[in-house]
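This report refers to the structure that appears directly beneath it.
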Amino acid sequence: MSWAENIIKALKDWDTSLIAYVPDISIDQVTSLIDKDPFFRLVSATREEEAIGIAVGSYAAGRNAAVFMQSSGFGNSVNALASLCIPSRTPIPMFINLRGGPGEFNMAQVAMGRAVRPIMDQLGLVHFTLDDDRNMEKILDGAMKLCYANRQPLAVCLTQLLHGGKLA
Amino acid sequence: MVSRLAGESPIVSNLGPSSDELWHAGHRDRNFYTYGNMGLCSSIALGMAMATDEQVISLDGDGSMLMNLGTIASIGREKPKNLTVVVWDNEKWGQTGGQTSHTGMGTDLEQVARSCGITRTKTVSDLEDLEAAVSDALKTDGPNFIVAKIEEAEYLPVAPVEPEFTLYRFRNTFVEPRKPGQ
């Protein structure tokens, strides 16, 4: 299985079928598969905090939901996490293309990319980072289990070392 | 009035007076009161409308809607038949001192909705027209977008709402409650 197929499997295994996202060239390797798969409903949001709102609404009405975004957009979603998901204890798995690491070509992506995990730590939220696909199936299954058991958002950060990234 | 017309339909209410008024109109487990996340009321309602076939109602505010105009575009893109958005438009930010909002300076949210491809839109300014518009919206395929021009009124006491209870009380009307260890 490719890294993208591993993510699809984890979402299906945890019955997470509504995917709200803001497009990203690397994460497109997953969202393009999701778009073709009748198990899923892919919803395009205009901004990442909106994607969080859509996912919370879906979960509230009984359909588990995940969010896909890029690290720059994570900055747009922080208040939605802090003032909606955390106080209402909403489990939203987030898959984030983590920019700003080895191979980054765009200096405008570095600061926010480096800040994602410290912000998650400050919010008291769990995150995992995947640089390669070793043990990926086990890590993703465990991350989804933890997310729903803890009933809080959780981030899986996907780096350029994993997905190849965007070339300059 | 909206609560009465809604029957068992899920209602999401914007932070502040929209949620307080909804609570004081009579609590129901299908009320999703919000007390933070300004701007996301109708985004939450959009997510609900994509998770259930039931009619979903969003009680939003002009200030919040202005903070997240993109969600009107997303509603126009997805066109959920089962979503009705009511925007309480007092043309000001009531909670922060009554500063004039953009709708008091010319922004027309109904026209924004129309330009995003939402065809069933209406602006009303009295209770009778509001009742007719909401009643019609709940009987007709949407999405429906109603702008209700309102006057500033006295605030009701803040509703005693806990976000976690709100979410799980609401969710448990759709799914079996979680059991310990699940």
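Quick notes on this one:
- With a threshold of 32 Å on the Cα-Cα distance, the over-threshold entries among A:K9/B:K122; A:K138/B:K81; A:K12/A:K166 are A:K9/B:K122; A:K138/B:K81.
- The mean sequence distance of close C-alpha pairs (under 8 Å, at least 6 residues apart), as a share of the length of chain B, puts its relative contact order at 24 percent.
- Accessible-area value, A:K145, 1.4 Å probe, nucleic acids and ligands omitted, Å²: 120 Å²
- Average projection area in nm² (convex hull over Cα atoms of the stretch A:104-168, one quarter of hull surface): 4.8 nm²
- Classification of the stretch B:76-182 by its C-alpha gyration tensor yields an oblate form. The axis ratio a/c (a ≥ b ≥ c) is 1.5 or more, and b/c is at least a/b.
- Pairs of Cα atoms farther than 18 Å apart, the stretch A:38-111, %: 42 percent
- The candidates B:H24, A:H163, arranged from most to least accessible area with a 1.4 Å probe in the full protein assembly, appear as B:H24, A:H163.
- Solvent-accessible surface (1.4 angstrom probe) belonging to B:S9, in square angstrom, nearest 10: 20 Å²
- Restricting attention to chain B, close to 10% of DSSP beta bridges with both partner residues there are antiparallel.
- Shape call, the stretch B:1-136: gyration tensor on alpha carbons, a/c limit 1.5: rounded
- Cα shape, the protein assembly as shown, gyration tensor, a/c 1.5 rule: prolate
- Ranking by accessible area, most exposed first, for A:Y21, B:Y35 with a 1.4 Å probe: B:Y35, A:Y21
- If R0 is 25 Å, the Cβ-Cβ spacing of B:E8 and B:R114 corresponds to a FRET efficiency of close to 0.25.
- Distance between the pseudo-spin-label points of B:M67 and B:T173 (7 Å out from Cα toward the beta carbon): 2.4 nm.
- The stretch B:49-54 - phi-based ³J(HN,Hα) in whole Hz, Karplus 6.51/-1.76/1.60, Gly and Pro as x: 5, 8, 9, 9, 8, 6
- Taken over the stretch A:1-156, the percentage of Cα pairs per 10 Å bin, counting from 0 up to the bin with the maximum distance, is 11, 45, 38, 6, 0.
- Per-residue extension of 0.36 nm, minus the Cα-Cα distance of B:Q95 and B:E54, leaves a gain of 11.6 nm for this segment.
- Between B:E128 and A:F128, the simple spin-label model (points 7 angstrom out along Cα→Cβ) gives 6.2 nm.
- With all protein chains in place and ligands, DNA and RNA left out, the 1.4 Å accessible area ranks B:C116, A:C147 as B:C116, A:C147, largest first.
- Residues whose amide H lies under 5 Å from that of B:V87, counting only those 5 or more places away or on a different chain, are B:D60, B:I146, B:V147, B:A148; hydrogens are built 1.01 Å from N in the peptide plane.
The values are calculated or read from the model by the stated rules, or taken from the named source; none is laboratory data. What you see is a predicted model, and the numbers here were worked out from it, not measured in a lab. Here the Cβ is made from the backbone with ideal geometry for all residues, glycine too, and neighbour counts use every protein chain on show. Ligands, DNA and RNA are stripped out before the accessible areas are found, and what is left, the full protein with its side chains, is counted by its heavy atoms. Shrake-Rupley method; radii C 1.70, N 1.55, O 1.52, S 1.80 Å.
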